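S.K.: Mind looking over this structure? Questions follow.
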């Protein structure tokens, strides 16, 4: 029980460290975001030790969400790797104390190069804070470590601030699923995001297409044979005029005993939503969810029906 209690106390300490950051989101945060947005080069993230690990994660998040970035180890920087930095870059240095020797040696060189510097530090009066163009205060009241030595709450706060910067940049840039897919082609996530509608839509016998003058009885037979939940109604040129779904069938059956002998054009849902075959599957899912529908006809660049997309097809593609 003591162990469980202590674990909860540690989590509270780290959660409080993040909550305290909210009070420090001010114009300096806004300036930091704008500086990164306006840079012509890359965002170079530097740190030492545990903060170096946070810096690597920050750099990776930026790169994967549309902001070109690289990680620069502070010690390696003063031994030759500084050559990867240009005056067009923005350098973000992460340091709790702000007084690490390697970082103190790095700062005047960056200033001489004309490179802008953003500091994330737990000591707003440190050398790093004074020499930087913009400083973000990520200090914490105490570490979760009882000795106050192992970086715990401080690195959690740094990571949270880095995430806040990354996501704000992502949203301002209008970074979308298709952009994310471009940078994540490998693995199940990439495959899912890169799937297009044409990759999973129903075609051929699985895609019932009917003419406007066909009887409901005939249409129902085609839907049953194709094991679909709807049929797409087209004109003579193969363009969508309507859709007839299970929902349409139930609604009309309640009031029309002669439904089976009606023309499908009289009972179909006219001008249904359609989606182009080249759209991403994630976009199709969002469309189905927003319109609260289960099927959608798929069209080509000439607006002709080429397939049918069912919500079940999308759910299978997600797995």
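Nothing in this text is a laboratory measurement; each read-out follows from the coordinates by a stated rule. If you're wondering where the values come from, they're calculated on a predicted model, not measured in any experiment. Cβ placement follows ideal geometry from the backbone for every residue including glycine, while neighbour counts extend to all protein chains displayed.
S.K.: Take 126, 218, 265 and order them by how many other Cβ atoms sit within 10 Å, fewest up front. Could the numbers behind the result be given before it?
M.R.: Numbers: 126 21, 218 14, 265 17.
So the ranking, lowest neighbour count to highest, is 218, 265, 126.
S.K.: Here is a further query. Express in nm, to one decimal, how much length is gained between residue 205 and residue 22 on full extension, taking 0.36 nm for each residue of separation and deducting their alpha carbon distance. Don't jump to the answer; show the numbers that get you there.
M.R.: Values: separation 183, 0.36 × 183 = 65.88 nm, distance 5.72 nm.
Here the segment from residue 205 to residue 22 would lengthen by 60.2 nm.
S.K.: Okay, moving on. As an exercise, use a Förster radius of 45 Å and the Cβ-Cβ distance of residue 133 and residue 4 to find the FRET efficiency, rounded to the nearest 0.05.
M.R.: On the way: r = 46 Å, r/R0 = 1.01.
It comes to 0.50.
S.K.: Using 0.36 nm times the number of residues separating residue 50 and residue 31, minus their current alpha carbon distance, what extension gain do you get? Show your work: numbers first, answer last.
M.R.: Working: separation 19, 0.36 × 19 = 6.84 nm, distance 2.60 nm.
Here the answer is 4.2 nm.
S.K.: Something else: Can you sort 220, 62 by how many other beta carbons sit within 10 Å, fewest first?
M.R.: The fewest-first ordering by Cβ neighbours comes to 220, 62.
S.K.: Next question. Angle check, please: helix 281-291 long axis (alpha carbons) against the longest principal axis of the chain (alpha carbons), in degrees 0 to 90, nearest 10.
M.R.: Relative to the chain, helix 281-291 is tipped by roughly 70 degrees.
S.K.: I've got another one for you. Compute the convex hull volume of the Cα atoms of the range 221-285, divide it by the residue count, and report the result per residue in Å³ as a whole number.
M.R.: Working: hull volume 7.5 nm³, N = 65.
Taking only Cα atoms, the range 221-285 has a hull volume of 115 Å³ per residue.
S.K.: For the range 1-82, just list the percent of Cα-Cα distances falling in each 10 Å bin from zero outward, please.
M.R.: The calculated distribution, bin by bin, is 15, 30, 34, 16, 6, 0.
S.K.: Given the alpha-carbon gyration tensor of the range 197-318, what are the semi-axes of its equivalent ellipsoid in whole angstrom, ordered largest first, with each equal to the square root of 5 times an eigenvalue? Display every interim value, and only then the final one.
M.R.: On the way: eigenvalues 113, 46, 31 Å².
Listed largest to smallest, the semi-axes of the range 197-318 are 24, 15, 12 Å.
S.K.: Using only the alpha-carbon atoms, how far is helix 153-173 inclined from the longest principal axis of the chain? Give it as 0 to 90 degrees, nearest 10.
M.R.: 50 degrees
S.K.: Next question, about the same structure. Roughly what angle does helix 101-113 make with the longest principal axis of the chain, taking Cα atoms, 0 to 90 degrees, to the nearest 10?
M.R.: 70 degrees
S.K.: Quick one: length gained pulling residue 302 to residue 273 fully straight, 0.36 nm per residue minus the C-alpha distance?
M.R.: On the way: separation 29, 0.36 × 29 = 10.44 nm, distance 1.57 nm.
Result: 8.9 nm gained on full extension.
S.K.: Grab the beta carbon distance between residue 15 and residue 172, set R0 = 25 Å, and tell me the FRET efficiency rounded to 0.05. Present the calculation step by step, with values, prior to reporting the outcome.
M.R.: Details: r = 27 Å, r/R0 = 1.09.
The computed FRET efficiency comes out at 0.35.
S.K.: Here's a follow-up. Which whole-angstrom value gives the distance between the alpha carbon centres of the range 237-268 and the range 113-180?
M.R.: 60 Å
S.K.: Cut-off 17 Å, label point 7 angstrom out along Cα-to-Cβ of residue 316: give me the residues of the range 206-223 whose amide nitrogen falls inside.
M.R.: Residues passing the 17 Å test: 206-208.
S.K.: Can you pull the semi-axes for the chain, root of five times each eigenvalue of the Cα gyration tensor, sorted largest first, whole Å? Write out the running numbers ahead of the final one.
M.R.: Details: eigenvalues 685, 104, 46 Å².
So the three semi-axes of the chain are 59, 23, 15 Å.
S.K.: Follow-up question, since we're still on this one. Can you tell me the equivalent ellipsoid semi-axes for the range 42-138? Use √(5λ) from the Cα gyration tensor, largest first, whole Å. Kindly include the intermediate steps, with their values, before the conclusion.
M.R.: Working: eigenvalues 62, 47, 32 Å².
That gives 18, 15, 13 Å for the three semi-axes.
S.K.: For labels at residue 88 and residue 109 in the simple 7 Å Cα→Cβ model, what's the distance in nm?
M.R.: Here the modelled spin labels are 2.2 nm apart.
S.K.: If you don't mind, there's one more thing I want to ask. For the range 2-175, take N as its residue count and report Rg(C-alpha) divided by 2.2 N^0.38 Å.
M.R.: Working: Rg = 15.9 Å, N = 174, 2.2 N^0.38 = 15.6 Å.
Computed over Cα atoms of the range 2-175, the ratio equals 1.02.
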